[in-house]
Amino acid sequence: MNSQTTAFAQPYPLMDQFGARIAHQLDAAAQQLPHDVSERLRAARTQALANRRVSETVAAPAVFVQGGSAVLGGGFGFWGRAASWLPLVALTIGLLGIGSLQEQMRTTEIAEVDAELLTSDLPTTAYTDPGFAQYLKLGAKD
């Protein structure tokens, strides 16, 4: 058994030592308790051990090494692959929706400006007049 195997056998040696010291102190204090209290504690301990949940560790189906990194494998199946593409699809739909909305807003703004120009009191020949910019500047000041 090498040092690496020993390190994996006891991952938390300081915690184990601390737990052993606490257990020893509790056992010593339990000797001083009255008989009826110690019996109730024994029954509670037995009941707690019977009701405890045992956690079950599940290993990954397979581990593959790709370019120096471990990758969990084992097949996601069709629904797993479809779910992994879902964020990209949602992002694409969102970006297309935003682009369409912005285009619609631009079209609406241009239509409003055109409607204002066509319904104003200004004659259409004024748009070709060299003093039109001066007229706009004076109109903006009012």
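Quick notes on this one:
- Per-q log10 I(q)/I(0), the stretch 82-122, q = 0.32, 0.33, 0.35 Å⁻¹ (Debye; single scatterer per alpha-carbon; no solvent): -0.94, -0.97, -1.01
- Available extension along the chain between Glu112 and Leu88 is 5.0 nm, counting 0.36 nm per residue and deducting the alpha carbon span.
- Karplus-based coupling profile of the stretch 115-124, in residue order and whole Hz: 5, 5, 5, 6, 9, 6, 7, 6, x, 5, with θ = phi - 60° in 6.51 cos²θ - 1.76 cosθ + 1.60 and x standing for Gly or Pro.
- C-alpha center-to-center spacing [the stretch 15-32, the stretch 104-136] in angstrom: 91 Å
- Stretching Asp27 away from Leu136 to a fully extended chain increases their span by 29.6 nm, per 0.36 nm per residue minus the current alpha-carbon distance.
- Backbone phi angles across the stretch 126-133, fed through the Karplus curve with coefficients 6.51, -1.76 and 1.60 (θ = phi - 60°), yield HN-Hα couplings of 5, 5, 8, 6, x, x, 5, 5 Hz in residue order; Gly and Pro are listed as x.
- Net charge over other residues, Cβ less than 13 angstrom from the Cβ of Arg106 (K, R count +1; D, E count -1): -4
Computed from the coordinates by the stated procedures, all read-outs in this text should not be read as laboratory data. The model shown is predicted, which means the values in this text are computed figures rather than measured ones. FYI the Cβ positions are ideal-geometry reconstructions off the backbone, even for glycines, and counts take in every protein chain you see.
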